[in-house]
Amino acid sequence: MPTLLERNPVLAIEVDGYAYLPVAGRQSERDATKDAIAEKYVLPLLRSSTTGSGERERVK
């Protein structure tokens with residue numbers, strides 16, 4: 001069985017709740033940082049909201 005250090009992530013998921021309100025500039029900077037990290041590690045980043053956007057089906 002592989003150890004924790006031998007496991008590699010295959011997907012990153014970001015879920016924004018109903019009360020999510022982006023702060024101009026700050027949130028876009030955070031999103032850009034997350035995008036850069038995901039790109040560096042060749043890791044797909046799935047963004048979804050919890051407002052009935054079919055998040056369960058998208059993850060499946």
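What follows is calculated from the coordinates using simple rules that are stated; it is not laboratory data. Just so it is clear, the structure is predicted and the values come from calculations on it, not from any experiment. Backbone-built Cβ (ideal geometry, glycine too); neighbour counts: all protein chains shown.
Order by neighbour count: Arg7, Arg58, fewest other Cβ atoms within 10 Å first, most last.
Arg7, Arg58
Enumerate the amide H contacts of Arg47 below 5 Å, restricted to partners 5 or more residues apart or on another chain; note that Pro and chain-start residues carry no placed amide H.
Counting only residues 5 or more places away or on other chains, the set is Glu14.
Each label point is 7 Å from the Cα along the Cα-to-Cβ direction; what then is the distance between the points at Gln27 and Glu6, in nm?
Each label point lies 7 Å from its Cα, and together they span 4.2 nm.
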